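Just so it is clear, none of the values below were taken in a lab; they were calculated from the coordinates. For clarity, every value in this text was computed on a predicted model and none was experimentally measured. Heads up, the Cβs are rebuilt from the backbone with ideal geometry, glycines too, and the neighbour counts pull from every protein chain shown.
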Amino acid sequence: MHQTVTKPVDSTRRWWVLAIVVAAQFMFGVDAFIVNVAIPTIAVDLHASPAQIESVIAIYLIAYATLVVTGGRLGDIHGTRNVFLVGVLGFTATSLWCGLAHSGMELIIARLAQGATAALMVPQVLATLHLLFTDESRSRAFGIYGIVLGLAGAAGFLLGGLLVTIDIAHTGWRSVFFVNVPCGLVIAAAAWLIMPTVPRRAGTRLDIKGSVVLFAGLLCLIGPLLFGHDVGWAPWLWAVMAGGGMILFAFVKLEHAVARAGMPLIDLALLADAAFLRGLGAAFFFFAANLSFYLVMTLFMQRGLKIPPLAAGLAFIPLALAFVVASRHSGARARHRGTRVLLEGCALQIAGLAALALVVDALDAPTPVALALVMLIFGYGQGLVMAPLSGAVLSTVKPVAAGSASGMYGTTAQIGNAAGVAAIGAVFFAIESLQSARAGFLVSLALFVTLIMMSAAFLTWMRRASARS
């Protein structure tokens, strides 16, 4: 066990440190969206199946979701600076591997490794900000963090379309991964020179068994949704999914056993908080309609409407900017109106999806401009929900359990993203092969509406539980 370092943290260069860790968060955020724009081009170049296309996104999210809590614990044990450096260098190396991949399966494995290294890098960002900004500058620092987080989506869409279109040195889609290499090396060098050594937390242990079992359970549960179309939904797929459910049930039992002898991956006391669990349900359904929307929208624009990658990327910019504006407004409104703001955001998302369905159904070839204007409604509604959602879900949690609850929230969000990509992506590809991309897109929109309605229902249910407590 490491001894706690009592030496105070050097915060004289904390604004430079803020720039470094926020740059890493920006790189991570851009990567989540830049791949969406390049996915159709990747599919053609690597002759990737629909399952492989979905897996390129979903496996990254599963790896990140199951290891992000472990990444945070490693930062406590070995120091956030050390783990941050390992994470950034690992993310840089795996990004290079992604860009050099020669098959769909190799790219999937590289993305798995990239998600694992991201789980080392990202938790150290907020941990560093919490440590360095404890005075009146705290709100300013987190404000900068929030703005950069929001702008990452717009940058990802724009950069993805631009890089695929420019085709630098004939690298095509590979450049969307290669771009992380110089950025990552600069961030790592700056962190090595400037980032302070932070105290280590005594008594923190790793629950490696829990991480492995959780990853295996999620992979068995979500994996068949990714590959079902390719194997004709064979009966053994359903057996694997059932096995995944049993593994996740065993995971809870394992955590109880670990809690008696050490530090489990999750705080089991939180499972008794009804409002928190309902909030996690709301987060799961909300995020299930998040990245999956961008995947299906990109596939429909490029495969169904034959819109070029750059024009498709630009069509998302108004949505991303509306998301940023709504995020800036929603925090203050949520403090005064509570979960009603989130419900309004859900209603706006549904209205935007309905308008999008009307446009696609009425026009044979809707232009990127027409699609962009309609998606703006969805983006604003999404921003109203996403920014205050974590605060609303964590509002009933005791301060002593805030860290564990935040980890569970982040894990649930990424699992929701992965499940949505797997399930709705499978529906889109199945209907596209039977009818058309337009039909697959319209059915997907109906599923997005259903998921958001489920999220709203859980938010309402959460509010009732909070009122009773």
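Sorting CYS98, CYS220 on the 10 Å Cβ count, fewest up front, what's the list? Can you show the working numbers first?
Working: CYS98 27, CYS220 19.
Least crowded to most crowded, the residues run CYS220, CYS98.
What is the Rg over Rh value, at two decimals, for the chain, using alpha-carbon atoms and the Kirkwood definition of Rh? Please report the intermediate quantities before stating the final value.
On the way: Rg = 21.4 Å, Rh = 22.6 Å.
Ratio value, two decimals: 0.95.
Using the crude model of +1 on Lys and Arg Cβ and -1 on Asp and Glu Cβ, and no other charge, please compute the dipole size for region 266-469 relative to its Cα centre, in debye to 20. All intermediate terms of the calculation are to be shown ahead of the outcome.
Numbers: 13 positive and 6 negative charges, 124 e Å.
Around 600 debye, computed over region 266-469.
Taking only the C-alpha atoms, wrap a convex hull around region 266-469 and report its volume per residue in Å³ as a whole number.
On the way: hull volume 22.3 nm³, N = 204.
Normalising the Cα hull of region 266-469 by residue number yields 109 Å³.
Can you list, largest first and rounded to whole Å, the semi-axes you get for region 13-203 by taking the square root of 5 times each eigenvalue of its Cα gyration tensor?
30, 18, 14
How many percent of all Cα-Cα pairs in region 109-199 sit more than 23 Å apart? Kindly include the intermediate steps, with their values, before the conclusion.
On the way: 1637 of 4095 pairs.
Summing the P(r) tail past 23 Å for region 109-199 gives 40 percent.
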**Asked** Which value, in debye to the nearest 20, describes the size of the charge dipole of the chain about its Cα centre when Lys and Arg Cβ atoms bear +1, Asp and Glu Cβ atoms bear -1, and nothing else is charged?
**Response** 1420 debye
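Using every Cα-Cα pair within region 374-455, state what percent have a distance larger than 17 Å. Show your work: numbers first, answer last.
Numbers: 2010 of 3321 pairs.
Counting every Cα pair in region 374-455, those more than 17 Å apart make up 61 percent.
How would you rank ARG205, ARG81, going from fewest to most other Cβ atoms within 10 Å of each one's own Cβ? Show your work: numbers first, answer last.
On the way: ARG205 14, ARG81 20.
Fewest-to-most Cβ neighbours within 10 Å comes out as ARG205, ARG81.
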**Message:** Of LEU107, SER55, LEU18, which is farthest towards the positive pole of region 13-203's charge dipole, taken about the Cα centre with +1 and -1 on the beta-carbons of Lys, Arg and Asp, Glu respectively?
**Reply:** LEU18
**Complete:** Cα pairs beyond 19 Å in region 207-262, in percent, come to 36 percent
**Request:** Select from MET462, GLY304, LEU319 the residue farthest towards the positive end of the dipole of the chain; place +1 on Cβ of Lys and Arg, -1 on Cβ of Asp and Glu, and compute about the Cα centre.
**Result:** MET462
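Could you list ASP167, ASP273 so that the one with the fewest beta carbons within 10 Å of its beta carbon is first and the one with the most is last? Could the numbers behind the result be given before it?
Working: ASP167 13, ASP273 20.
Ranked by crowding around the Cβ, least crowded first: ASP167, ASP273.
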**Prompt:** Which percent of Cα pairs goes in each bin when the distances of region 163-309 are cut into 10 angstrom slices starting at zero?
**Reply:** 9, 18, 26, 29, 16, 3
